[in-house]
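The values are calculated or read from the model by the stated rules, or taken from the named source; none is laboratory data. In this text the structure is predicted, and so the values were computed from the model without any measurement. Heads up, the Cβs are rebuilt from the backbone with ideal geometry, glycines too, and the neighbour counts pull from every protein chain shown. We work out accessible area using only protein heavy atoms, side chains counted, and drop any ligands, DNA or RNA first. Shrake-Rupley method; radii C 1.70, N 1.55, O 1.52, S 1.80 Å.
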Number of protein chains: 4
Amino acid sequence: MPHQTLRYAMIGGGQGSWIGEAHRKALALDNTARLVAGCFSSNHDRSQAFGQELGLPDLRVYGSAMELAEAEAALEDKPHFVVICTPNRHHLEQIKMLAAKGFPIVCDKPLCDTLAEGKEALKALASPGSGLLALTHCYAGYAMIKEARSLIRKGRLGTLRKVVVEYPQGWLMPEDAEEGKPAMSASTGVSSMVDVGTHAEHLARYVTGLQTKEVFADVSSFVPGGARTPDDFNVLVRYEGGQRGVLIASQSSSGEQNCLRLRVYGSEGSLDWMQEDPNLLILRLRDQPVQTLHRGQPYLSAEAQSCSRLPPGHPEGYLEAFANIYRSFAEAVQAYNRGEVANVDFPNAADGIASLAFVEAVSKSSETGTWVSAQP
Amino acid sequence: MPHQTLRYAMIGGGQGSWIGEAHRKALALDNTARLVAGCFSSNHDRSQAFGQELGLPDLRVYGSAMELAEAEAALEDKPHFVVICTPNRHHLEQIKMLAAKGFPIVCDKPLCDTLAEGKEALKALASPGSGLLALTHCYAGYAMIKEARSLIRKGRLGTLRKVVVEYPQGWLMPEDAEEGKPAMSASTGVSSMVDVGTHAEHLARYVTGLQTKEVFADVSSFVPGGARTPDDFNVLVRYEGGQRGVLIASQSSSGEQNCLRLRVYGSEGSLDWMQEDPNLLILRLRDQPVQTLHRGQPYLSAEAQSCSRLPPGHPEGYLEAFANIYRSFAEAVQAYNRGEVANVDFPNAADGIASLAFVEAVSKSSETGTWVSAQP
Amino acid sequence: MPHQTLRYAMIGGGQGSWIGEAHRKALALDNTARLVAGCFSSNHDRSQAFGQELGLPDLRVYGSAMELAEAEAALEDKPHFVVICTPNRHHLEQIKMLAAKGFPIVCDKPLCDTLAEGKEALKALASPGSGLLALTHCYAGYAMIKEARSLIRKGRLGTLRKVVVEYPQGWLMPEDAEEGKPAMSASTGVSSMVDVGTHAEHLARYVTGLQTKEVFADVSSFVPGGARTPDDFNVLVRYEGGQRGVLIASQSSSGEQNCLRLRVYGSEGSLDWMQEDPNLLILRLRDQPVQTLHRGQPYLSAEAQSCSRLPPGHPEGYLEAFANIYRSFAEAVQAYNRGEVANVDFPNAADGIASLAFVEAVSKSSETGTWVSAQP
Amino acid sequence: MPHQTLRYAMIGGGQGSWIGEAHRKALALDNTARLVAGCFSSNHDRSQAFGQELGLPDLRVYGSAMELAEAEAALEDKPHFVVICTPNRHHLEQIKMLAAKGFPIVCDKPLCDTLAEGKEALKALASPGSGLLALTHCYAGYAMIKEARSLIRKGRLGTLRKVVVEYPQGWLMPEDAEEGKPAMSASTGVSSMVDVGTHAEHLARYVTGLQTKEVFADVSSFVPGGARTPDDFNVLVRYEGGQRGVLIASQSSSGEQNCLRLRVYGSEGSLDWMQEDPNLLILRLRDQPVQTLHRGQPYLSAEAQSCSRLPPGHPEGYLEAFANIYRSFAEAVQAYNRGEVANVDFPNAADGIASLAFVEAVSKSSETGTWVSAQP
């Protein structure tokens, strides 16, 4: 069957948004979909200007998400899906709007600002004619993360005991905002738990399949200045099966770049993966030499193989991981359009809900000094 | 100025060619150009079938390079350039054909099979109305390679003394050919000096700016079996300025992946870069802590910054390096179309000639047991 | 002044005790002291046999610590100090006994089994004529740990924010005990918090100078079998100055070796040190290339230089770190014998008390599910 | 059988000699032998002063090697062996002198200055009553080097193909001599081939068992200044069995420390060991995950186990490797004294001869521009 390039529209992701650019490149890489419409700014002129840079016809560039949803839904060659890259606080409204028009949605994480909003979004998605939503927890798209999940499912680690997931970040430090440089958290009032912590939480859950029972958290705000949004989270985790976890999420870790790392310990061995060196996965089995598995090698699982594009030793990176999320989503969209259900592998709204429940439990634990349930 | 997506055609790179796919993805990544025509096989049906998979109209898919060149040259929306991904032995003929029609060309390395052919190609390119050719020595496209070059130009290493460039490869071992798996050298009779050695030679020259004076080589064929194409090259290099070099190129290095590594030593310090970990560059200055520079960081040179797409800690890989070659080539094509000359940064036919001169000097040295000039 | 080799006696550390051997080698390395007496087993014959292997005369090998203390104290060429390598539960009694005889003491960590015992030991040490005790938190002896402390004291990290110290261990897993192999915790009923956690706690305190205010802990016992001594500790830490910490100590981390790691974050940068690669220290300053500092280099602090024996690139290891503790202790003993007070740098009884207070707070927190003060 | 501590004397290795100190520490570490006599300087007063620092009685500290040899040979408690740490140019004379007195000898490498001298030394050693000589190619003493040798002997790499051994050094750069800092080569007129190259040559031979047939070399002198002793050697090697090799030895590699590295390639896989990270050995088998083997682990060979002192994850270093040479030599001495021949494992005079033959072949090749036999 010939490859079908889908059509998509984008809301947000305009001038200066590196994540918008990452979405577009990830979609272009595999020729998964081409951009046909967009709303890149609530300022109509700016939106048009940016659309022109991207080669879009003015007719299909809008000044509001609502306009886009309505106008595009009416077209014969309407987008197969719409990507939301706006600030978190707009997600709920836009999800509802797009779901109402029957558009499959890709939403940059987190799903929404709060668990309550997330639940409302989920309800909107459950309405007839809608339902497909991918959340771009892009780190779950790395081939070696697929391998990690596969090894755990095969029982290579024995009985799971413990998860250590860390996301110390320093490249976008909140104090930078004060110096006029981009800074995720401080500039938007979004805590680092939402910004980077949800990635860590999702990755641990995705790879291990463990469900969080309860959390205990210590939350701090180290960066001086106005907002004092929490920028450092240290969380103890108890999973349903009795396993233990430690989650560290921080954007005040000076000197770090984007150092997401996952370690999983079981009775027979442990796994270690680092996002900054994503083409390899370390497997430490008891009383055996340490193994380093490399992307692209024939000994990897089918899941890891299918998420790989290049031969071993030819590094893939962040955009390939991102593109893997999109590739699976595109299959789901095409299956959906044929009235089928694809065997898909991308983070969805339920994942978003689980993350938001985790975030809220962390906040509450920090306030009360007690273990708090993370059940959605 | 709005981004202009160019049009391109491809010759070769059909079913089963991972390098053809790499070219297409590298062009898609930045929306640099879109594929409008192709000749993917000398078997017309297979070419058509593959073109359909890529979404091309049958009309613009051909069974011979000649047909493509003639038909496409006559179109109003003809390709802005043509990519050659065929076996090396076809390069000369195709370059001449495309140059005669005035097409800018991207040619997968090496330029040709022999130095004599390379010189003939260069002559063809010098004819009026032609002239633009990029050779995809993709490793020169990495951002941290730009940084290495910049640091050397700034004199950070002092007076250059020595270059050690290695390319031990094991992922495509010639013996694999006998087991029916893809294997670059053995299956095509191309020596590993051409296949991987030219990448190493080019990278060292690109980063240091040094010109090879003469070489002494020891050439071996370790892999058992029919062809016995040389698969292991150890070369001593003398540069024009008195610097020394060691070049190792091998495809019989069992266990290795694609381990291209470049070290440059000067009076004040040394640089170390490894292709399998391409987002970093190690700078060792005398009597100072070792520095590790990371792609995307603000302290890098403008050259390195401009070849970077993602924030620090978000790995870029092989395709981004490849895409950087294309991005610069596309600028050159656009400038050329405007009658201007762009300030470009991509390997060209002269580079190809220098590599082929090096390859031939290596062969001759190995045969004669003497130092041999590598002047083209 | 000629180097003076001291004399020492050892209690414990007999047949099969690798730590006893480590003490002896650390003392021999620098010719710091030579063994002149010992009690290597409570079985007199076994003690004698082991003493003979070590080349000791039978007369100075004893079957009880008490005998050793009394007999040796009466000799003219009595030991300058006595080393305790017995199981923790014997430490208090032996410390009291040796202190009563006026012997300077080196005690393998931990000081005692409980905080109450530790306080009793401290009281014994304060009696007239006694007082010198070194606790062999050997990891604090590494040259690059001295450098880390020096950098922090010089303010290179700015205001300290956070400490992450981990000690996942797998080489002595408790289940091994059941298979007849040596296994620290399970075989002795000592929790991993005491066994490895105190090393981590001490290292963090030593390098940063921060005092723990309170802890919150989650304690588990993953290894199946009889004793079910806790083998996994995840601890959140709050320091007096408002800094935060995470301490992970585990002996059920299958696949790990002895992976003590310390990271310290401040407003201007962070430090990273790994015990398994101890000759280097990573310094990450904001917006600068990552620096790797190497033992033996001229750019290091005087403290780090003075703890180094070999030129750069000639690895030192665990025994050198251990020997550094002894070297400083020997200086203190000699100063003490001259009636002076040396400027010493080794963990002492007060450090032991602080560790035991930490251990007890961890236990109590785990039981109560609350933050617990770690003040001794 | 109780451990017997031997007695030794040392010639050279006085004030400011770090290698003399390394010998003494390596001997102390395992209580292998204790220093009983020495000649630390040809200036009698300086020799005495240094002997006093080491705690030697004046009577047994001499101002000439000859005096030491004669006086000590006459004593009842004479040394079991004598260590030579003098400049290379004195080795032959001292070896002859000590051999004549029947002393087993440990000689710091190289054996002598020239191959002719080496052969003369070998003849002297073959005289009745003499014969034991260890050459401290200390890098061969590392436990993981024993493992590498064992894996190759077991055929784990299949048929050997190629050896790449490098020893770029920058910590003792010749230009430092001009600045009044210690600098091996320039200050003594000894080429880097002798100083570091012989270590590399020996290590490759020790691990692989391959005999060099012929070499081709390019020799340079990069460091400005008076002596212009060659400081950079790039050597192509052909082994008797048809294998190929590359040897790089350099002391003008600014920024490097002591970066001895050995890679061995065979038909089934390759080995990789780096002296600066000596507790691990990388084994890359075709189509399998890369394995990292760690010192102290139960899966290692008996040879590697027997050269290990500490549990896994507790780093050993240079001195332990050095001490392993001495441990084996001490066994040989004791066996010799009992009239037996031990199964020993240390570099000997024949190894020294092989290295010197290699060095001379390198020089000659560089002069003649031809392949030169390296047969002694």
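Report the charge-dipole magnitude of region D:286-376 in Debye, nearest 20, computed about the Cα centre from +1 at each Lys and Arg Cβ and -1 at each Asp and Glu Cβ. Present the calculation step by step, with values, prior to reporting the outcome.
Numbers: 6 positive and 10 negative charges, 28 e Å.
That gives a dipole near 140 debye.
Rounded, prolate or oblate: which one fits region C:10-60, using the alpha carbon gyration tensor with axes a ≥ b ≥ c (rounded when a/c is under 1.5, else prolate when a/b beats b/c, else oblate)? Please report the intermediate quantities before stating the final value.
On the way: a/c = 2.40, a/b = 1.46, b/c = 1.64.
Note, shape of region C:10-60 comes out oblate.
Counting heavy atoms of the protein chains only and a 1.4 Å probe, report the per residue accessible area for region D:1-125 as a whole number of Å². Walk me through the intermediate numbers first.
Details: 5160 Å² over 125 residues.
Using a 1.4 Å probe on heavy atoms only, each residue of region D:1-125 averages 41 Å².
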With every protein chain in place, the accessible area of A:LYS123 for a 1.4 Å probe, in Å² rounded to the nearest 10, comes to 150
Are there GluC sites (Glu not before Pro) in region A:43-105 that DSSP puts in a loop and that have at most 13 other Cβ atoms within 10 Å, and which ones?
-> A:GLU76
Per 5 Å bin from zero, what fraction in whole % of the C-alpha pairs of region C:6-131 is there, up to the bin with the longest pair?
-> 2, 12, 23, 25, 21, 12, 4, 1
Mean residue ellipticity (222 nm) of chain B, computed from DSSP H runs ≥ 4 via -39,500 (n - 2.57), nearest 500 | -10500 deg cm²/dmol
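Report, in debye and to the nearest 20, how large the dipole of chain A comes out about its Cα centre when Lys and Arg carry +1 and Asp and Glu carry -1 on their Cβ. Please report the intermediate quantities before stating the final value.
On the way: 35 positive and 43 negative charges, 246 e Å.
It works out to roughly 1180 debye.
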SASA check, B:MET274, accessible area w/ 1.4 Å probe, all protein chains in place, rounded to nearest 10 Å², comes out at 60
Other copies of D:ALA100: label-to-label distances in nm, shortest first, labels 7 Å along the beta-carbon direction = 6.4, 8.7, 10.8
For C:SER373, which inter-copy label distances result when the label point lies 7 Å beyond Cα on the Cα-to-Cβ vector, reported in nm to one decimal and in ascending order?
-> 3.5, 8.6, 8.7
Expressed as a whole-number percentage, the relative contact order of region A:250-300 with C-alpha contacts under 8 angstrom and at least six residues apart is 23
Grab every C-alpha pair in region B:48-102, bin the distances at 5 angstrom width from 0 up to the longest one, and report whole percents.
-> 4, 17, 29, 27, 17, 7, 0
The lysines whose Cα lies under 23 Å from the Cα of A:LYS78, excluding any fewer than 8 residues away in the same chain, are A:LYS25, A:LYS96, A:LYS101
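Roughly how many percent of the accessible protein surface of region C:6-131 is carbon and sulfur, given a 1.4 Å probe and a whole-percent answer? Could the numbers behind the result be given before it?
Details: 2590 of 5010 Å².
Carbon and sulfur: 52 percent of the exposed surface of region C:6-131.
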In region D:13-53, which residues become less accessible by 20 Å² or more once every protein chain is in place, relative to the chain on its own, using a 1.4 Å probe?
-> D:TRP18, D:LYS25, D:ALA28, D:LEU29, D:GLU53
Under a straight-distance cross-link criterion of Cα-Cα below 26 Å, which lysines are reachable from B:LYS162, leaving out those fewer than 8 residues away in the same chain?
-> B:LYS109, B:LYS146, B:LYS154, B:LYS213, B:LYS364, D:LYS162, D:LYS181, D:LYS364
Calculate the dipole size of the protein assembly as shown relative to its Cα centre from +1 charges on Lys and Arg beta carbons and -1 charges on Asp and Glu beta carbons; express the result in debye to the nearest 20.
-> 0
How many nanometers, to one decimal and shortest first, lie between the label point of A:GLY55 and those of its other copies, if labels sit 7 Å from Cα toward Cβ?
-> 1.1, 8.0, 8.1
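Rounded to the nearest 5, what % of the DSSP beta bridges within chain A are antiparallel ones?
Numbers: 37 of 62 bridges.
Approximately 60 percent, going by the DSSP bridge assignments.
Taking 51 Å as R0, compute the FRET efficiency from the Cβ-Cβ separation of C:THR370 and B:ALA71 and round it to 0.05. Intermediate values should be presented prior to the final figure.
Details: r = 80 Å, r/R0 = 1.57.
So the FRET efficiency works out to roughly 0.05.
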Calculated FRET value between C:ASN337 and D:MET274, using beta carbons and R₀ = 51 Å, to 0.05 | 0.70
Accessible surface, per residue, of region A:262-306 when the full set of protein chains is kept, probe 1.4 Å, Å² = 30
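Rounded to the nearest 100 Å², what is the sum over both chains of accessible area buried where B meets D, with a probe of 1.4 Å?
Values: alone 16120 and 16100 Å², together 28830 Å².
Using a 1.4 Å probe, the pair buries roughly 3400 Å².
Computed from the mean reciprocal separation of all distinct C-alpha pairs, what Kirkwood hydrodynamic radius does the protein assembly as shown have, in Å? Please report the intermediate quantities before stating the final value.
Working: mean 1/r = 0.0287 Å⁻¹.
Mean inverse Cα-Cα distance, inverted, gives 34.8 Å.
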GluC sites (Glu not before Pro), restricted to region D:231-306: which are DSSP loop and have at most 12 other Cβ atoms within 10 Å?
-> D:GLU240
With the calculation restricted to Cα positions, what are the radius of gyration and Dmax of chain C in angstrom?
-> 20.5, 65
Above 18 angstrom, tally the Cα pairs of region B:99-165 and express them as a % of all pairs, no decimals.
-> 56
Quick calc, C:ALA350 & B:GLN305: beta-carbon distance into FRET formula, R0 56 Å, rounding 0.05, result 0.60
